[in-house]
1. Let me spell it out: the conditions are (1) among the aliphatic types (A, V, I, L, M); (2) near ligand 1 (Cβ under 10 Å from one of its atoms); (3) touching a residue at least 60 places away in the same chain (Cβ under 8 Å), and A:VAL121 meets all of them except one. Which number is the exception?
2. Test A:THR81 against the stated conditions and say whether it is over 25 Å from A:GLY165 (Cα atoms) and either within 14 Å of chain B (Cβ to nearest Cβ) or modelled with pLDDT under 95 (or both).
3. For the range A:92-117, how many residues meet the condition of being touching a strand residue (DSSP E or B) at 6+ places or on another chain (Cβ under 6 Å) and among the aliphatic types (A, V, I, L, M)?
4. With a cut-off of at least 1 residues that are under 20 Å from B:ASP255 (Cα atoms), name the strands (runs of 3 or more DSSP E) lying wholly within the range B:1-55.
5. Mind telling me which of the residues B:ASP196, B:ASP175 ends up being touching a Gly at 6+ places or on another chain (Cβ under 6 Å), of a type in the set (D, E, K, R) and surrounded by fewer than 18 Cβ atoms within 10 Å (Cβ to Cβ)?
6. For the range A:136-143, does any single residue satisfy the condition of being farther than 24 Å from A:CYS204 by Cβ and not polar (S, T, N, Q)?
7. B:SER79: over 23 Å from A:VAL85 (Cβ atoms), away from chain A (no Cβ under 14 Å) and not aliphatic (A, V, I, L, M), yes or no?
8. What number of residues in the range B:75-95 are in contact with a Lys or Arg (Cβ under 7 Å, 6 or more places away or on another chain) and modelled with pLDDT of 95 or more?
Amino acid sequence: MSSSVTDLHAVRAAAARPLTPSLSVDLAPGAKRELTLRNPVMTASGTSSNGLELARLFDINRLGSVLSKGVTLKPRRGNPTPRIVETPAGMLNSIGFQNVGVSKLLSDVATVWETWNVPVVVNMLGDTVDEFARLAQVLDGAPGVAGLEVNISCPNLDVGGVAFGRDPVAAARVVEAVVTSTTLPVIAKLTPDVTDITVIAQACQDAGADALCVANSFVGMSIDVNSRRPRTNRPVAGLTGPAIKPLALRLVWETANAVEIPVIGCGGIMDGRDAVEFILAGATAVQVGTASFRDPFAPIQVLEELVQYCTENGVSDINDLIGAVQVD
Amino acid sequence: MRRAAARVIQTEEIYPGTFVTWYDAPALSQHAKPGQFVMVDAGAERSGLDPLLPRAFSYYRFRYASPHDSERQFALLYSLIGRVTEQMASMQPGDRVWMTGPLGRGFEVRRSAANLLLVGGGVGIAPLVALADAESEHASRSRSIVLCFGARGAEGVYPAELLPPQVEYQVATEDGSMGRPGFVTDLFAEHLSWADQSFACGPVPMFRAMSPIVRRDGMSRPVQILMETEMACGTGICYGCAVFTKRGVKLCCKDGPRFELLDVYPNG
Ligand SMILES: Cc1cc2nc3c(=O)[nH]c(=O)nc-3n(C[C@H](O)[C@H](O)[C@H](O)COP(=O)(O)O)c2cc1C
Ligand code: FES
């Protein structure tokens, strides 16, 4: 404990002049259009609807970025119920992309986003490569839209979805089709359900993705032993929440070590210390998902606790924490 | 919608297996209406991760602790069905539990409606008592309220003495041990044409049995039902609580939990 005296000095110095850490991060360095966040805390797609509900609860502009519910070209009703089942420290969901379709999203919702002072990233999904490209075209230049998150990792669909994200060639084709159809920054959202995520990550990077989101939900299952039937509308569903955190963290670490572009960490983040873990593992930003179901203020709380961590630990720039885990 | 740590005032078992807990949290009760609900986050106080998700409970009753109080306390009614309700029942006066509320769209009572018919089964009684309380407060409006309640047997029947005296209470039990032998829907069928407005909360089979009764009646009378679905958030952000209606897919927590019976169960 030879450093305890200097630690104490550092703590006292920090207390004497409370430092406001610089939190700004860049998710698309060198892109045609920038995606700079005022802080690294984002919402996760499908866990904050389109942001309007949260905007009624707190100042949405405090967040780094807001993700839309996944959108498709045409409106979708989504899957039948039950869509949700709780599992130990987590939950399974099978929502199936219930959404109003991209036209209505732009006419009814993006007009609200436009009045916000926070970048909104649209999570989008097509059945085919061509549909991804068409979505990207429609969203390009739409007021209120700051970036695209390409969902090649949804486990709850019969067509497309996670199948794109499990094959490096298919993943790259989707990303390339989107990148060439838009001037917006493009994030590829990866599935955790692969043998080696770095292969997919590099394929997306080479195809022109500006950033990667690691990761979507794991494919899981739960069975009712009385009825002997799955407890969700489809036999398998997406597992999220604290139960997946160590797994997602490992994937972020592996991915960040394998690519040059920014990685966004996502999976089971409940508080500020979880966010710090992901950033230390190599994440430039984090997405808060399931935590918002328990407490809709969770993204703001994660942010406040992240700031507190920085202040208490003398971190003056959040970028200094990215990938700073010491493994030796 | 607010999030607050509600303080437990007291808990009592009002009939076997069914509990009522009173809470103090003005932010959660101030603007709450019968038919609305709170999400109870039983895990948060211990920052536990299991259970992870909050659970929905309808407002059951409101009261002022003293005549001079401007802030209402509220009560929730529940039966012990799992860890969350067991935890709620075991909390001591003074303990705190995080909740989010008031949520959803509650019952809508027309000013002109004189005869109100309330139909419930099981813990579906909770929002109906809140409604009966609120509507019997307006004595000047000279409303008549009939509350029909169904249970398997006498031990599951909500106690009559807990209801406001103005309410006419009709009970049906499947085993005939109390009130009318049969189903609560039989009582519903008898009173439907009397009612200016009807309100129901109970298990899905009850709603399904009510549907043909309303259609047979031929007047397509509106019946407001309070639905219960799986919910992850209760606040409109997860899309887990889908209700498939004649008017499209709705979210139970945000567009409901009040729906029109025939919109959801057009054919039973
Ligand atoms: C109910 C629900 C709906 C989701 N919908 C989407 C979606 O539309 N698009 C998407 O890319 N991810 C979706 N996800 C995945 C989340 O964005 C996130 O990747 C995942 O939940 C892991 O983070 P968490 O553990 O913090 O929730 C959804 C997750 C849940 C729980
Ligand atoms: S329970 Fe989450 S949207 Fe209704």
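1. Every condition holds for A:VAL121 apart from (2).
2. On the way: over 25 Å from A:GLY165 (Cα atoms): yes; either within 14 Å of chain B (Cβ to nearest Cβ) or modelled with pLDDT under 95 (or both): yes.
Yes.
3. 3
4. Qualifying strands (runs of 3 or more DSSP E): B:2-15, B:37-41.
5. Details: B:ASP196 fails: touching a Gly at 6+ places or on another chain (Cβ under 6 Å).
Only one candidate passes the filter, namely B:ASP175.
6. First pass over the range A:136-143, keeping only residues farther than 24 Å from A:CYS204 by Cβ: A:143.
The next check asks that each one be not polar (S, T, N, Q); those that pass are A:143.
Scanning the range A:136-143, I find at least one residue that is farther than 24 Å from A:CYS204 by Cβ and not polar (S, T, N, Q), so the answer is yes.
7. Values: over 23 Å from A:VAL85 (Cβ atoms): no; away from chain A (no Cβ under 14 Å): yes; not aliphatic (A, V, I, L, M): yes.
No, not satisfied.
8. Number satisfying all stated conditions: 2.
The values are calculated or read from the model by the stated rules, or taken from the named source; none is laboratory data. The model shown is predicted, which means the values in this text are computed figures rather than measured ones. Backbone-built Cβ (ideal geometry, glycine too); neighbour counts: all protein chains shown. Surface areas here come from the heavy atoms of the whole protein model, side chains and all, with no ligands, DNA or RNA. Shrake-Rupley method; radii C 1.70, N 1.55, O 1.52, S 1.80 Å.
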